[in-house]
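Okay, so here's the structure we're looking at.
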Amino acid sequence: MSSYGPTLVESKKFPLVGADKIFISSDSVLFGLHSKNLDMGCDGFPPFETHAPSGIRRAALQPTALTEPANVLVLLFSYLYPERIRDTLGIDFETLLALREAAEKYQVHLAIRECKKQLSSFVKSHDLRITAFSMKNHDLDLLDLTAERTVLRPLSDVVPRLPVHFIAPWIQYHELWQEVHMFLPRSMITCIYHHREAEKKSSMCPTWTFCLDAFLQRWYRYTPQELSPLSDLDYLFSLPGNLKVNDGVRFGLHSKNLEVGSDGFPPVETNPQNGVGLVATEPVALTEPANVLVLLFSFLYPERIPESLGNDFKTSIALAEAAEKYQVHLAIRECKKHLRIFAKKHYLQITAFSMRHYYFDLLELTADLAVLRPLSEVIPRLPTQFILPWIKFHEQWQEVHMSLPSAMVACIYYKRTADTRFTECPTWSICQDGFLRRWYSYTPQGLSPLSDLDFLFSPPAEKVKDKTVRIRPCCLRTLMARKKRAAEMIKDLKRFTEVWKSSVKS
């Protein structure tokens, strides 16, 4: 229920309170937005004033009807508020395509960029519709992802969907692929493979017919989604079943972008002389180097956001720290995702960073590696409130660390002899020796050997002191049982977030 009418419903995500612009979705839902966000985040709406002097400027509180439904507008408008952006992962194709259409219609830069990424995951299942959409909006990057799949469909299925000015180029493109389509089976049939026999004579290889038959069977029976078999060369040419094979750089920014895109910069003062305009009398010194600030400030301008943050960890972690320091919402979101690729190699730095900013989802990826480092290396990096929970977390891992070698030494495996007596299996001591050598010589990155159970419990070499010794199957089974037990013990340990939560409650 809304004051604008009994049939209209107010959006919970975008309430009317405090808003200076109102929109109505096609299914009668009211959305309250702010004109500064509209001005910064998109180019598809005209500027708004409280009173409309002309036709192109509309009164801010006069509702504007849009043709999109509420579920699409909720996603679209969230891209005008960096702190509210919703992840498009997991939404269905129809909603994603409708969101992309709306983003293109109203020129919401961030939504255009994000939808382009997500649509690429639907290339295999919706190539025809994405191709037509890409042509309609002249999105050539997206078109390149789908064209080579759509061209394998019959022209009669594709041409009716294309814009008129794309039909002739598409037919030319299709004919090029048709040449390959006609050539392949003909070349396979006319190919006769010869092999040289002992008397240096050449004759037809008897197994080539099996390969040829398998190829033709797959070629003429290939029907997935009515595509040409050229869409799956690995399947087409697979072998038949009976064969085996702080640097002084100045940056100029706009206060509107700083105000909307971040919460860490103070507002720019108004000109005291006439009450309008912006004053930037002296540059503000920042502690970050230029290469980091270039990336950071690009997140304040949706149309300039980089496609990739690169593979340099020092730059990536510095950008993540700067994003948190200045509360640049979009950069925070992208950095959290990007740092995951460094989790295995730079787990100690990422663990400390995640604790400082309470990124528990990122912390879960690195804690189980960082806990295998000595406390003396880890504790100095941690925030004070995390030290005690980390010590508790480390102690439970230490229990496993202490118990494994002692359990292996104490274990004596017996075998039954012919006269039903039990004696110690002679090869078990070799297995024990191999385990202990690996345990006490394991040094990769200063980690505990618990980080590599496959290496730790691998079967010993069959040569011992230049003598060939065959490890008995009973000993190998026992070794694998010990490995399984060690994996179960590690799996039963509490995650660090659990230890943290219990420490906070107590």
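The values are calculated or read from the model by the stated rules, or taken from the named source; none is laboratory data. Source: prediction; values computed, not measured. Virtual Cβ from ideal backbone geometry, glycine too; neighbours counted across all protein chains shown. Keep in mind that these areas ignore ligands, DNA and RNA; they rest on the heavy atoms of the full protein, side chains included. Shrake-Rupley method; radii C 1.70, N 1.55, O 1.52, S 1.80 Å.
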Run the dipole for segment 290-417 about the Cα centre, Lys and Arg Cβ at +1, Asp and Glu Cβ at -1, nothing else charged, and hand back the magnitude in debye, nearest 20.
340
Would you work out which of Leu369, Met408, Pro289 lies farthest towards the positive end of the dipole of segment 289-416, given +1 charges on the beta-carbon of Lys and Arg and -1 on that of Asp and Glu, about the Cα centre?
Met408
Amide H neighbours of Thr64 at under 5 Å, excluding residues fewer than 5 places away on the same chain, with H built from the backbone geometry, are Ile22, Phe23, Ile24
Heavy atoms of the protein only, probe of 1.4 Å, neighbouring chains included. What is the accessible area of His357 in Å², nearest 10?
50
Which order do peptides 23-35, 392-404, 96-108, 375-387 fall in by mean Cβ count within 10 Å, highest first?
96-108, 23-35, 392-404, 375-387
Go through 342-353, 7-18 and give me the packing order, highest mean Cβ count within 10 Å leading.
342-353, 7-18
Net +/- balance of residues flanking Ala320 in space, Cβ distance below 12 Å, scoring K and R +1, D and E -1:
+3
Please report the net charge: other residues with Cβ closer than 9 Å to the Cβ of Thr131, K and R +1, D and E -1.
+2
